[in-house]
Structures are given as structure tokens and as C-alpha cells.
Amino acid sequence: MKSPLLTLPGAVPAEGVDEGVAAHYGDLFREQRALADGTGFVDLSHRGVVAVTGEDRLAWLHLLLTQHVSDLPAGRATEALILSANGHIEHALYLVDDGGTVWAHVEPGTQEALIAYLESMKFFYKVEVADRTADTAVVHLPAGSIAEVPEGVVVRETPHGRDLFLPRADLEAYAAQAGPPAGILAHEALRVEQHRPRLGFETDHRTIPHELGWIGSAVHLQKGCYRGQETVARVQNLGKPPRRLVFLHLDGSEVHLPAAGTEIRLADDGPDGRKIGFITTSARHHELGPVALALVKRNVAVDARLVAGDTAAAQEVVVEP
């Protein structure tokens with residue numbers, strides 16, 4: 001979905017997964033500072049939107065998702081995962097129920113596969129699943145924002161801000177009165193600062209929830225009956241995940257950020273040392289400078305000096321080893 005807000009002054013299109021919205025509007029750090037101060041908005045209209053209706057919607061989703069949603073109160077935001085039979089992360093959903101419909105936004109382009117899976121699991125339950133991406137745009141308001149929300153718009157409110165499920169036809173009109181726009185790069189920089197994983201960025205084909213700290217926020221440990229639950233319980237009770245998410249402060253003297261996938265080595269091992277992890281997301285933060293999220297082997301010492309490609313990196317613990 002190509003956003004009409006790409007016609008705003010200074011808009012530079014994003015690339016890759018986030019193609020369709022603006023990477024920035026001419027001043028990355030100003031946009032970050034505005035979001036950190038609770039002003040402006042982020043156009044996330046490229047994200048997929050899925051709606052589930054029907055009297056059985058919460059009980060049915062409870063059987064499929066990692067999160068406890070059978071008695072989810074209307075208006076309360078949550079997030080949940082769908083796992084493979086082996087416990088690997090396949091989908092991440094950011095949910096809210098408005099009292100009649102469960103609304104979820106998901107990574108761009110993943111909604112079709114998600115809906116195909118949900119349709120295959122309907123059986124006798126009284127539910128309907130719909131792709132609402134074509135008529136619904138997600139807009140993010142940062143924490144502390146006092147921007148008005150149009151009447152009737154579904155809101156997903158979290159400690160990090162509010163996600164609005166806005167009629168796509170109203171996107172341009174809302175943007176005109178919502179404050180200064182911020183691009184996806186500003187949004188991503190704050191996500192990295194907040195240590196929040198993102199599907200397809202911090203995940204690969206073998207990622208399990210424990211590695212990213214998604215236990216609690218997206219995985220409820222007191223429920224079962226979902227695909228992959230055995231792996232979650234086994235790791236929680238008997239073992240430890242093979243990798244862990246870390247936050248990296250990168251050497252600010254380097255001109256280029258290490259790209260996603262850049263190999264991480266122990267600094268003491270020299271340039272020919274073995275790979276012990278890789279960068280998942282890197283960003284330039286308005287206060288912290290160059291930072292990144294990365295996955296490293298669980299047994300890497302928390303005080304070990306690291307090198308990402310040719311860039312020195314100091315780690316902060318996100319997931320305890």
C-alpha cells in the first residue's frame with residue numbers, strides 16, 4: 001500500500017519491508033525528538049490489518065495465540081504470537097478488541113499468510129476473518145500525545161503510544177491536523193532504544209520467544225492449547241534459549257552503520273574470530289548515537305567487548321543469559 005502522505009513536503013520513501021511510507025521527512029533527529037516529546041505522528045499505513053468478528057472470536061483466538069485473550073476486556077491492548085509446531089515464531093499480532101471486533105495490525109505483507117492459517121482453523125467456531133488493509137490505515141501517536149482521535153476510530157493504547165485504526169480514506173485529512181509527521185526511521189530508532197523486537201527483523205526461521213524477551217508481553221505462561229506451547233514450556237522449565245537479544249552501543253566514529261546481518265565477533269578474538277551473533281536492526285538515535293539490536297549466543301559474557309563487522313560495540317543486557 002503506497003501512502004498518500006508520500007506527497008508531503010520533504011518525504012523520502014522508505015525501502016524494503018517498509019516500502020510504501022516515508023523513511024523520513026527531511027530531518028531524522030528532529031522527527032525523533034518530536035516523537036520522544038509526545039508530538040507528531042507516524043504513518044504506518046503500509047502495515048497489514050486483520051479483523052476477527054463473531055461471538056466466538058476471543059475464545060477461538062485464545063486457542064491459537066500465545067497470549068491469554070479469552071476474557072480480554074474491550075479496549076485493552078495486547079500482543080500475541082503464532083508459533084510453528086516446533087515453537088518458532090511465525091506471526092506477531094498487535095491486538096485490541098472494541099467489544100465486537102478484534103483488530104490486529106501485522107507486518108507488511110504477512111496478512112495473507114496469517115489469514116490463510118486462521119481460515120484453516122475456523123472449524124465450527126462462529127467467527128469471520130477479514131483483511132481490512134485496503135480500507136484501514138494504522139497511524140501511531142507517541143506516548144504523551146494530546147492529538148485528538150476522531151470519533152469511532154478504534155484505538156490500541158500501550159505505554160509506547162496509541163495505534164489508531166483509521167479509515168484509509170481519512171488518512172490525509174487526519175495528517176493535516178495531527179501535528180508534524182515523523183518517518184519510519186524515527187519510529188524504528190525509538191523501537192531499538194526501547195528494546196522491542198520486530199518480526200522479520202529480530203526473528204529468523206528458528207527464533208523462539210524466549211530469545212527476544214517476548215515472554216510476558218506476548219506469551220502467557222499460564223495457558224496452553226496453542227501450537228508450539230510444548231517448546232515454550234520446555235525452555236521455560238528445563239532449559240535455556242540458545243541465543244539472547246542484546247542492545248548495542250556502537251562506535252560513533254564510524255561513518256556507516258553496520259547493516260542487518262552483520263556478523264558479531266568477540267573483540268579479543270581479533271578479525272578472524274568466530275561468529276557469535278549478528279546485527280538485527282541498527283539506527284542513529286538522537287541522544288544515544290548509533291545503536292543496534294542483535295542476537296548473540298546465550299553464553300557470551302554480558303561484559304564481553306564485541307565487534308560488529310569493523311565497528312566496536314558495547315552491549316546492554318535485554319534477555320538475561
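Every read-out reported here was derived from the displayed coordinates using simple, explicitly stated rules and does not represent laboratory data. As the structure is a prediction and not an experimental result, all values here were calculated from the model. Heads up, the Cβs are rebuilt from the backbone with ideal geometry, glycines too, and the neighbour counts pull from every protein chain shown.
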Please report the antiparallel percentage of the DSSP beta bridges confined to the chain, to the nearest 5. 95
7 Å from Cα along Cα→Cβ at both residue 222 and residue 176: what's the point-to-point distance in nm? 5.0
Cα coordinate range in segment 153-234, projected on the principal axes (Å, largest first): 51, 26, 23
Segment 21-114: GluC sites (Glu not before Pro) in DSSP loop, at most 14 other beta carbons within 10 Å: 55
Selection from 146, 136, 120 lying farthest towards where the dipole of segment 112-153 points positive, charges on Cβ: 120
Square roots of five times the Cα gyration tensor eigenvalues for segment 180-321, Å: 27, 20, 11
Set Lys and Arg Cβ to +1 and Asp and Glu Cβ to -1, take the dipole of the chain about its Cα centre, and tell me which of 64, 159, 283 lies farthest positive. 64
With bins of 5 Å, the percent of all Cα-Cα pairs of segment 48-131 per bin from 0 is 3, 15, 29, 30, 18, 5, 0
Determine the dipole magnitude for the chain: charges of +1 sit on the beta-carbon of Lys and Arg, -1 on that of Asp and Glu, nothing else is charged, the reference point is the Cα centre, and the result goes in debye to the nearest 20. 880
Write down the radius of gyration of the chain and its Dmax, each obtained from C-alpha positions, in Å. 20.0, 60
Assign unit charges at the C-beta atoms only (+1 for Lys and Arg, -1 for Asp and Glu), then state the dipole size of segment 180-260 relative to its Cα centre in Debye, rounded to the nearest 20. 480
Stokes-Einstein, Kirkwood over Cα pairs, segment 3-66, 10 °C, 1.306 mPa s; D in µm²/s equals 110
Taking amide hydrogens as modeled 1.01 Å from N in the peptide plane, which residues meet the under 5 Å criterion relative to residue 47, leaving out close sequence neighbours? 138
Of all beta bridges DSSP finds with both residues in segment 76-222, what is the antiparallel percent, to the nearest 5? 95
For the pair residue 19/residue 98, report the inter-label distance in nm, with labels modelled 7 Å from Cα in the Cβ direction. 3.1
For segment 100-155, what class follows from the C-alpha gyration tensor (a ≥ b ≥ c being the square roots of its eigenvalues): rounded when a/c is under 1.5, otherwise prolate if a/b is larger than b/c, else oblate? prolate
Given the -39500 (n - 2.57) contribution per DSSP H run of 4+ residues, what per-residue ellipticity at 222 nm results for the chain, rounded to the nearest 500 deg cm²/dmol? -4500 deg cm²/dmol
Looking at the square roots a ≥ b ≥ c of the eigenvalues of the Cα gyration tensor of segment 216-275, which shape do they give, rounded for a/c under 1.5, prolate if a/b is larger than b/c, or oblate? prolate
Assign one of three labels to segment 12-165, namely rounded, prolate or oblate, based on the Cα gyration tensor with a ≥ b ≥ c the square roots of its eigenvalues; rounded applies when a/c is under 1.5, prolate when it is not and a/b is larger than b/c, and oblate otherwise. prolate
At residue 120 and residue 312, where each label point lies 7 Å from the Cα along Cα→Cβ, what is the point-to-point distance in nanometres? 5.0
Over segment 242-320, consider all pairs of different Cα atoms and compute the Kirkwood hydrodynamic radius from their mean reciprocal separation; express it in Å, one decimal. 12.2
